[in-house]
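What follows draws every value from the coordinates through simple rules; no lab data is involved. For clarity, every value in this text was computed on a predicted model and none was experimentally measured. A quick note on method: Cβ atoms are made from the backbone with ideal geometry, for glycine too, and the neighbour counts reach across all protein chains shown.
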Amino acid sequence: MQRRVASGSSEQWVQCQKCKKILFKPDFERALRVCIHCGHHHRLRARERIAITLDPDTFVEQDAELRSDDPLRFPDYPDKLMRAQQTTGEFEAVITGTGKLGGSEVVIGVMDFAFMGGSMGSVVGEKIMRCFLRGADEYLPVILFCASGGARMQEGMLSLMQMAKTTAGVEKLQRAGLPYLAVFTDPTMAGVLASFASLADVIIAEPGALVGFAGQRVAAQASSGKPPTNFQTAEFQTEHGMVDLIVPRAQIRPTLLYLLEMFGGAG
């Protein structure tokens, strides 16, 4: 997530990925990994995100037993899965469950970009779909933190099917009259953006998050002119009505609390 400085007591210092200034690690962690100089929001792991969002010791993980298979016998896919599991300590690119936010029960899902770029395969799609079903069945609001490069190519069409499946899950939650809040973190791209992520009742995003469908270079090649400097960022999408609010990381929890109160509270 951040590069250490090769000097004395390097464990206490990190370098901002954007402005390259040196940061005192304890201060950096207290600032939730946001640079105090340029405001760059460094990526968080899924369990870190859960810890700073939900009330302490209230998270109960669900569907942790689900595991990805190799339905297409895609070359090296099992090895890549194993490496991702060993590197991250997780079994998949999303963690889902229930917990309390301001004392009210919610269903929550948090994607982890560190696991194969947060790609959505069959298990990720299934776990996210179950979030919506659980919310509808237990009459609870759903909060999803999105961080993904898109569909998992190693699962081919089975991965693309998750777009339709998760979209159907959103519809069931909406039919039950329950709120769905999405938080776009860096990056929120491609098939995830084009399915469940964009269907939330309210979409908030962290400052500077990459948000788009195709990659920036592909989109630039397809456009007739030079894209604006903030193209495919949360700020660009807010200007064009796709994102409702840009919220600094320290304000995401209180913003979610406010939105749940506005929708009538949690179950």
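Extension gain, Met153 to Gln85: 0.36 nm times the residue separation minus the Cα-Cα distance gives 22.7 nm. Counted by neighbouring Cβ atoms within 10 Å, the residues Cys35, Cys131 run from fewest to most as Cys35, Cys131.
By the beta carbon rule, with partners counted only under 4.7 Å, the chain holds these lone Cys residues: Cys131, Cys146.
Phi-derived couplings, Karplus 6.51 cos²θ - 1.76 cosθ + 1.60 at θ = phi - 60°, listed residue by residue for segment 33-46: 6, 10, 5, 6, 8, 10, x, 5, 8, 6, 5, 10, 6, 4 Hz, with x used for Gly and Pro. For the chain, the share of DSSP beta bridges that are antiparallel, to the nearest 5, is 50%. Less than 5 angstrom separates the built amide H of Val243 from those of Thr238, all sequence-distant by 5 or more or on a different chain. Computed 3J(HN,Hα) for segment 83-88, one whole-Hz value per residue from the Karplus formula 6.51 cos²θ - 1.76 cosθ + 1.60 where θ = phi - 60°, is 5, 5, 5, 5, 5, 9, glycine and proline marked x. Overall, the chain carries a charge dipole of about 900 debye about its Cα centre when +1 sits on the Cβ of Lys and Arg and -1 on the Cβ of Asp and Glu, all other atoms neutral. Note that segment 157-166 has calculated 3J(HN,Hα) couplings of 4, 4, 5, 5, 4, 5, 4, 5, 5, 5 Hz, one per residue in order, obtained from phi through the Karplus relation 6.51 cos²θ - 1.76 cosθ + 1.60 (θ = phi - 60°); glycine and proline are x. Once backbone amide H atoms are built at 1.01 Å from N, Leu101 has Asp55, Val106 as its partners under 5 Å, excluding neighbours fewer than 5 places away on the same chain.
Only one of [x] 15.3; [y] 12.7; [z] 14.2 was calculated from the structure for mean projected area of the Cα convex hull in nm², and its label is [x]. Between segment 87-149 and segment 20-43, the C-alpha centres lie 26 angstrom from each other. Seen from every direction in turn and averaged, the convex hull around the alpha carbons of segment 39-186 projects onto 9.0 nm².
The gain in end-to-end length when the Asp76 to Lys20 segment is fully stretched comes to 16.6 nm, 0.36 nm per residue minus the alpha carbon separation. Between Glu239 and Tyr139, what is the spin-label point distance in nm, taking each point 7 Å from the Cα along the Cα→C-beta axis? So the two model labels end up 4.5 nm from each other.
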